[in-house]
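**Q** One structure, as structure tokens, below. Some questions next.
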Amino acid sequence: MTDFPAFSAAARHEHLRALGGETWDLLVIGGGITGAAAARDAAGRGLRVALVDSGDLARGTSSRSSRLIHGGLRYLETGNLKLVFEASAERRRLLALASHLVHPLPFLFPVFRKGPVGFRKLQAGMWLYDGLSLFRNIARHRMLSRDGARTEEPHLRTDGLVGAAVYYDASVDDARLTLANARGAHEAGAAVVPYAEVVGFLKDGKGLAGARVRDCLIDGAETVEVRARVVLNATGPWSDAVRRLADPGIKPRLRPTKGVHILVRRDRLGNRHAITFQSPVDGRVMFVLPWGDFSYVGTTDTDYAGSPAEVRADAADVRYLLDSANSIFPDAKLTGDDVVSTWAGIRPLLAPNRPEGGLAASATSREHEIWRDRGGLLNIAGGKLTTYRVMAGQVVDVAARALKDEHGVQSGHSPTADLPLPGDPREPWEAFRGRVVRDAAAAGLGADTGEHLARAYGEDAASVLAAVRADAALAGRLMAGHPYIWAEVAHAVRAEMAMTLDDVMTRRLHLFYEATDGGLAVAEQAARLMASDPGIGWSDTEIAAQVDAYRAAVEENRGFGT
């Protein structure tokens, strides 16, 4: 294990300097959920681990998901019972090991006359779904009559409504789940370096021997040679691009698909539950999901051939989602003017072994695969957010065998099955939540801020509240109507390795998505607070550049009004 300082912006620079100073057992490329979890797993086994990403932690698909930890009800129809069983077990585990981030969420699945799923078929599916969780889900499903469904969801479409099922899965802040894993890797001794791009690979007579890494935060920075016994490519939709860096003639393995969500005010739809339904446009299973004062609708599933860094929602995506939502909540009459923001991510699905065009994007397998390319690069791709811990453990098993067989390096067993994630409360969730809300009130903060602090930070809410008590100016809200306070901006730099304004506004807080203006009104003030930390230290010119870059990102995300 390697001893590093707190998980701060300053620590990132220390980690970067350490990269070239030794030979690592495992170099993980990719700071999404799979890479972060693999680094945590491997470091927990006693291996010397370094993790690098060309951007922020969770900057790609891992912060642009449907924010669900779920068994995968729709996979019952494809007969993938193994995946549902595994995902159900992981849902149960994460509810226990990250109770501040993963929360029970009731879903209502309505049935309509002449719909693709009949009442009896849905009922049978519900029993199977509960059975695959060994009847240890949050609660058992309930079947509702037409009147019962209308009582539960008064704004639901009534034309042709037959009844509904209520069942349970869980919601999650996907970006913070990734961040917790990266911090867990750091606490286990891994060097974690965001904004460090792999620009090439090191090779010796036996194959890969490491990578050349460039500091993305300094223009013209020299590359660092990072030597490693095993190199893991966990870059999701960038997997094939990284593979080509190691071997330009390699055949691609991915079939990337784009998933888009739109965010609207919750009172525009009036949904009380999460809603599972099938889009009348193409029959795809979709969700309307509650998120505080908002609801989001998703997701699309279409083939994507562009750069993962440039994926965006387009007008056709937004129209599809609006039409789908209006079909289930017809009184809402949503238009583009109701869309507060959007997000789009790329699913790194494995290409099927069949002729091109032989399988719809939504039918492509969600299972993961682990393999080594001919040059020795270890890869993992595919899979789903819910089963990230299993995926990470399996790929580290492969790395550990290679380390033992090829380098004589021994390692322990995976510790993650019973190891709480950083921040997990040490007391039952409801008791903990109540305590944080009371402590926040004592510090002069609103109940909504207390609730937010409990959910976002878990036990680390105490550090945010301590900052408020030390400096009353940090108790102010960034924006009226949102629970975020200035102490969180400072905390993001000091304890969450936020390196840019976008890191704070988009993935540590969610003002990018939730504020009508994306938080632009407070962007410069937030950047100046970040700059006051020694780990950031921006000049006025650099602050202006941060604000300009953030403004461009916000403006690119908006503009779907009609």
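**Q** Out of region 5-53, which residues are under 17 Å from the mean Cα position of the chain (by Cα) and of a type in the set (Ser, Thr, Tyr)?
**A** Correct list: Thr34 only.
**Q** Show me the strands (runs of 3 or more DSSP E) found entirely inside region 176-237 where at least 1 residues are out of contact with any helix residue (DSSP H, G or I) (no Cβ under 9 Å at 6 or more places or on another chain). Lay out the reasoning, then the answer.
**A** Details: elements: 191-193, 196-204, 207-215, 223-233.
Fully inside region 176-237 and qualifying: 196-204, 207-215, 223-233.
**Q** Kindly indicate the residue of region 135-148 that is assigned to a loop (DSSP other than H, G, I, E, B) and without any contact (Cβ under 8 Å) to a residue 12 or more places away in the chain and also farthest from Ala96 (Cα to Cα) among those meeting that condition.
**A** If we take residues in region 135-148 being assigned to a loop (DSSP other than H, G, I, E, B) and without any contact (Cβ under 8 Å) to a residue 12 or more places away in the chain, then Arg140 is farthest from Ala96 (Cα to Cα).
**Q** Now for a different question. Would you confirm whether or not region 434-445 contains a residue that is within 21 Å of the chain's Cα centre (by Cα) and open to solvent by 30 Å² or more (accessible area, probe 1.4 Å)?
**A** No.
**Q** Looking at region 270-293 only, could you name the residues that are out of contact with any Pro (no Cβ under 7 Å at 6 or more places or on another chain) and either closer than 13 Å to Gly345 by Cβ or open to solvent by less than 10 Å² (accessible area, probe 1.4 Å) (or both)?
**A** Ile275, Thr276, Ser279, Met286, Val288, Leu289 - these are the residues of region 270-293 that are out of contact with any Pro (no Cβ under 7 Å at 6 or more places or on another chain) and either closer than 13 Å to Gly345 by Cβ or open to solvent by less than 10 Å² (accessible area, probe 1.4 Å) (or both).
**Q** Then there is this: Please work out which one of (1) farther than 24 Å from His452 by Cβ; (2) in contact with a Leu (Cβ under 9 Å, 6 or more places away or on another chain); (3) buried (at least 23 other Cβ atoms within 10 Å of the Cβ) is the condition Gly60 fails and give its number.
**A** (2)
**Q** Then there is this: Can you pull out the residues in region 392-420 that are among the β-branched types (Val, Ile, Thr) and in contact with a helix residue (DSSP H, G or I) (Cβ under 8 Å, 6 or more places away or on another chain)?
**A** Of everything in region 392-420, those that are among the β-branched types (Val, Ile, Thr) and in contact with a helix residue (DSSP H, G or I) (Cβ under 8 Å, 6 or more places away or on another chain) turn out to be Val395, Val396, Val409, Thr416.
**Q** Being among the hydroxyl-bearing types (Ser, Thr, Tyr) and under 26 Å from Pro237 (Cβ atoms), is that true of even one residue in region 96-108? First the steps, then the outcome.
**A** Quick first cut of region 96-108, residues among the hydroxyl-bearing types (Ser, Thr, Tyr) only: 99.
Within this subset, residues satisfying the condition of being under 26 Å from Pro237 (Cβ atoms) are none.
There is no residue in region 96-108 that is among the hydroxyl-bearing types (Ser, Thr, Tyr) and under 26 Å from Pro237 (Cβ atoms).
**Q** For Gly21, which of the numbered conditions (1) modelled with pLDDT of 95 or more; (2) open to solvent by 20 Å² or more (accessible area, probe 1.4 Å) fails to hold?
**A** (1)
**Q** Something else: From Leu501, Leu520, Leu509, grab the single residue that is within 18 Å of Ala544 (Cα to Cα), in contact (Cβ under 8 Å) with a residue 12 or more places away in the chain and buried (at least 22 other Cβ atoms within 10 Å of the Cβ).
**A** After applying the criteria, what remains is Leu501.
**Q** Continuing with the same structure: Look through Ala456, Ala461, Ala472, Ala492 and report the one residue that is open to solvent by 30 Å² or more (accessible area, probe 1.4 Å) and modelled with pLDDT of 95 or more.
**A** Selected residue: Ala472, the only one of Ala456, Ala461, Ala472, Ala492 that is open to solvent by 30 Å² or more (accessible area, probe 1.4 Å) and modelled with pLDDT of 95 or more.
**Q** What number of residues within region 393-433 satisfy the criterion of being surrounded by 15 or more Cβ atoms within 10 Å (Cβ to Cβ) and in a helix (DSSP H, G or I)?
**A** Our first condition is that a residue be surrounded by 15 or more Cβ atoms within 10 Å (Cβ to Cβ); within region 393-433, this holds for 393-400, 402-403, 409, 411, 414-416, 419-425, 429, 432-433.
If we keep only those that are in a helix (DSSP H, G or I) too, we end up with 393-400, 402-403, 429, 432-433.
Final tally of qualifying residues: 13.
**Q** Looking at region 160-210 only, could you name the residues that are open to solvent by 10 Å² or more (accessible area, probe 1.4 Å), under 13 Å from Gly32 (Cα atoms) and acidic (Asp, Glu)?
**A** Selection gives nothing.
**Q** For region 36-94, give me each residue that is basic (Lys, Arg) and either on the phi > 0 side of the Ramachandran plot or outside any helix (DSSP H, G or I) (or both).
**A** Listed by number, the residues that qualify are Arg45, Arg48, Arg59, Arg64, Arg67.
**Q** List the helices (runs of 4 or more DSSP H) that sit entirely inside region 487-562 and contain at least 2 residues that are under 23 Å from the mean Cα position of the chain (by Cα) and under 23 Å from Trp291 (Cα atoms).
**A** Numbers: elements: 511-514, 523-531, 540-557.
Per the criteria, 511-514, 540-557.
**Q** Same structure, new question: Which of the residues spanning region 211-248 are open to solvent by less than 20 Å² (accessible area, probe 1.4 Å) and of a type in the set (Asp, Glu)?
**A** Within region 211-248, Asp215, Asp240 qualify.
**Q** Taking the stated definitions as given, is Lys251 free of Cβ contacts under 8 Å to residues at least 24 places away in the same chain and open to solvent by 30 Å² or more (accessible area, probe 1.4 Å)? Even if it seems obvious, please write down each step before you answer.
**A** Details: free of Cβ contacts under 8 Å to residues at least 24 places away in the same chain: yes; open to solvent by 30 Å² or more (accessible area, probe 1.4 Å): yes.
Judged against the criteria, Lys251 is a match.
The rows are residues; the columns are (1) surrounded by 22 or more Cβ atoms within 10 Å (Cβ to Cβ); (2) closer than 16 Å to Arg157 by Cβ; (3) among the acidic types (Asp, Glu); (4) in contact with a Leu (Cβ under 9 Å, 6 or more places away or on another chain).
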residue: Arg268; (1), (2), (3), (4): no, yes, no, yes
residue: Val297; (1), (2), (3), (4): yes, yes, no, yes
residue: Pro308; (1), (2), (3), (4): no, no, no, no
residue: Asn326; (1), (2), (3), (4): no, yes, no, yes
residue: Asp338; (1), (2), (3), (4): no, no, yes, yes
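**Q** I'd like to verify a number: residues in region 238-270 that are assigned to a loop (DSSP other than H, G, I, E, B) and under 30 Å from Thr335 (Cα atoms), how many?
**A** 1
The values are calculated or read from the model by the stated rules, or taken from the named source; none is laboratory data. Being a predicted model, the structure only gives us computed values, none of them experimental. Please note: Cβ atoms are built from the backbone with ideal geometry, for glycine as well, and neighbour counts cover all protein chains shown. SASA here: full protein model, heavy atoms, side chains in, ligands and nucleic acids out. Shrake-Rupley method; radii C 1.70, N 1.55, O 1.52, S 1.80 Å.
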